[in-house]
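What follows is a structure written as structure tokens; I'll ask about it next.
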Amino acid sequence: MFGAVIHAPGDVRYEKRADPTIIKPTDAVVRTVATCVCGSDLWRYRGIAPVKQPAPIGHEFCGVVEQVGDAVTTVRPGDFVVGGFNPSDNTCGLCRKGATANCLHGDHYDGAQAERIRVPQADGTLLATPGLPADDLVPGILALSDVMCTGWHAALSAGVGPDTSVAVVGDGAVGLSAVLAAVQLGAPVVIAMSRHDDRTALAREFGATHVVAERDEAGSAAVRQLTDGIGADCVLECVGTEGARMQAVGSVRDGGNIGLVGVPHGDLPVNELFWRNVGIKGGTANVRAYLPHLLELVLARRIDPGRVFDLELPLAQVAEAYAAMDERRAIKVLLRP
Ligand SMILES: [Zn+2]
């Protein structure tokens, strides 16, 4: 089979790889129907994270089960499935608390931007749809494998609810998903911090009530102006850079909460947060815990997180997908084998 391999910063190739097989009885092999490039894949593509040796890449997918190991009971060959970017058994002590991202038996994929994928912990990772979904639902289902669940995680971590004002830092696919999550969780004020017209338009389509284009102190001042002069109850930080993290600190009200889901590249002023009584929570999303509810919303067409994909390419053109996202010609690229 063929799949994407990152060789060096700026160098992703579509090349022949070994066909995945069942290694453990808890594995499944899935034929990819759709996969995509993640903002976090760009850390290596841009040389910000190291590429020590050529490595298969990608961790988002949906597809059809081809084989299952002897111990797998919840999915069978022919099922259409979606799985999270962080495999989990869904049965250990942490998974039972909903902390599936930190599963005691967690695992990873050997590159999901590929024609076929070995899925570890198939019972606890994969969720099957009832029958084959309509083709136009595939982008929305694919978005659940990472960005939508990550936006949801930001919102839950910050305590978003029906009485909260929310500001979202970051207008990439996760930030836009966080807007959708905050609206879905009933927040009456949802401020998207964005200065790109296409992303702003999608944020509004997802239900953002306000857009703030300014950054730094001017951005925080604009958020305060929209929130009775005090700052947002909940700030969802969906980038991870030092600048974005400080934007979140500057935009949250005293006593509010920041939900952090951007992969951290920079510290937080913990002492300031203490004196301001600001809560910090976040990390990688508990995808498997959120999947059942969010899949139901997608299949019922109540949300369409697949709108974050604004470019679709054949998987063979994966190198162009990385270039398009790196150069911000695309928010997020969907790839089909
Ligand atoms: Zn577990």
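Which residues, counting only those in region 92-113, are near the ligand (Cβ under 6 Å from one of its atoms) and in contact with a His (Cβ under 9 Å, 6 or more places away or on another chain)?
Those that are near the ligand (Cβ under 6 Å from one of its atoms) and in contact with a His (Cβ under 9 Å, 6 or more places away or on another chain): CYS92, CYS95.
Please specify each residue of region 83-98 satisfying the condition of being hydrophobic (A, V, I, L, M, F, W, C), assigned to a loop (DSSP other than H, G, I, E, B) and farther than 23 Å from THR129 by Cα.
Filtering region 83-98 for residues hydrophobic (A, V, I, L, M, F, W, C) gives 85, 92, 94-95.
Among the residues that remain, those that are also assigned to a loop (DSSP other than H, G, I, E, B) are: 85, 92.
CYS92, the sole residue that qualifies.
A follow-up question, please. Among the residues of region 263-312, which ones are in contact with a Gly (Cβ under 7 Å, 6 or more places away or on another chain) and over 30 Å from HIS108 (Cβ atoms)? Break it down into steps so the answer makes sense when it comes.
First, the residues of region 263-312 that are in contact with a Gly (Cβ under 7 Å, 6 or more places away or on another chain): 263-265, 277-278, 281-282, 286-289, 291, 298, 304-306.
If the condition is that a residue be in contact with a Gly (Cβ under 7 Å, 6 or more places away or on another chain) and over 30 Å from HIS108 (Cβ atoms), then ASN277, VAL278 are the ones that fit.
VAL119 is checked against (1) away from the ligand (no atom under 16 Å from the Cβ); (2) at pLDDT 95 or above and fails just one. What number does that condition carry?
The single condition VAL119 does not satisfy is (1).
Filter region 20-41 down to residues that are crowded, with 20+ Cβ neighbours inside 10 Å and either over 18 Å from the mean Cα position of the chain (by Cα) or farther than 14 Å from GLY306 by Cα (or both), then give me how many there are.
Going through region 20-41, the residues crowded, with 20+ Cβ neighbours inside 10 Å turn out to be 20, 26-30, 32-39, 41.
Subsequent filtering for residues that are either over 18 Å from the mean Cα position of the chain (by Cα) or farther than 14 Å from GLY306 by Cα (or both) retains 20, 26-30, 32-33, 39, 41.
Result for region 20-41: 10.
Could you tell me whether LEU137 is part of a helix (DSSP H, G or I), in the same structural domain as ALA300 (by TED's automatic domain parsing), in contact (Cβ under 8 Å) with a residue 24 or more places away in the chain and not acidic (Asp, Glu)?
Values: part of a helix (DSSP H, G or I): yes; in the same structural domain as ALA300 (by TED's automatic domain parsing): yes; in contact (Cβ under 8 Å) with a residue 24 or more places away in the chain: yes; not acidic (Asp, Glu): yes.
Here the answer is yes, as LEU137 does meet what is asked.
Shifting gears a bit: Pairs under 6 Å by beta carbon, first residue in the same structural domain as ASP110 (by TED's automatic domain parsing) and touching a residue at least 24 places away in the same chain (Cβ under 8 Å) in region 86-100, partner more than 6 Å from the ligand (Cβ to nearest atom) and among the basic types (Lys, Arg), six or more apart or different chains?
Filtered contacts from region 86-100: SER88/ARG288; ASN90/ARG288; THR100/ARG288.
Here is a yes/no grid of residues against (1) part of a helix (DSSP H, G or I); (2) farther than 21 Å from GLY140 by Cβ:
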{"site": "VAL166", "(1), (2)": "no, yes"}
{"site": "ALA203", "(1), (2)": "yes, no"}
{"site": "GLY219", "(1), (2)": "yes, yes"}
{"site": "ARG224", "(1), (2)": "yes, yes"}
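The values are calculated or read from the model by the stated rules, or taken from the named source; none is laboratory data. Fair warning: this is a prediction, and the values are worked out from it, not measured in the lab. Reconstructed Cβ throughout: ideal geometry from the backbone, glycine too, with neighbour counts over all protein chains shown.
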